[in-house]
Amino acid sequence: LLAQLDPTPLVTEYRSLSPRSHHLVVTALELSGIPVNQAARAFAFQSVAGLAAASMKLMRVGQTACQLVVRRSLATLGGKIDGSLSQPVDGWFNPLVEIASLRHARANHRLFIS
């Protein structure tokens, strides 16, 4: 579909090498032209919105309160994202989220039904 909608040289080259691909690869190709600050803001929105949606299932928080938290968080994050993009890239590694995800599969008690 991407090759039909936006046949850029990058997409055409990738399709010639691998006609069937994973959706994440296609998404990365679609977003390759997006400026880094916009991609970082989109990622921040997705992360905050996901946590807010989970909080409504875990606590007695209404939709309006959640939207207020999301709105305030994103207003603060905008400046933080811009500031972090002006810093040199140090790189980092934090396996704690991955380890927690692996433990979830064997947990006796879960927060959500999955």
Inset, instruction - May I ask you to list the residues in the stretch 37-83 that are among the charged types (D, E, K, R) and farther than 22 Å from Thr27 by Cα? - result: Lys57, Arg60, Arg71, Arg72, Lys80, Asp82
Legend entry - Pairs where the first residue, in the stretch 74-90, is in contact (Cβ under 8 Å) with a residue 12 or more places away in the chain and farther than 18 Å from Ala52 by Cα and the second is assigned to a helix (DSSP H, G or I) and of a type in the set (Gly, Ala, Ser), C-beta under 6 Å, 6+ apart: Ile81/Ala40
Legend entry - Criterion violated by Leu74 - all others in (1) within 17 Å of Phe43 (Cα to Cα); (2) surrounded by fewer than 12 Cβ atoms within 10 Å (Cβ to Cβ); (3) modelled with pLDDT of 85 or more satisfied: (2)
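The values are calculated or read from the model by the stated rules, or taken from the named source; none is laboratory data. Predicted, not measured: the structure shown is a model, and the values here were computed from it. For neighbour counting, all protein chains shown are included, and Cβ atoms are generated from backbone atoms with ideal geometry for every residue, glycine included.
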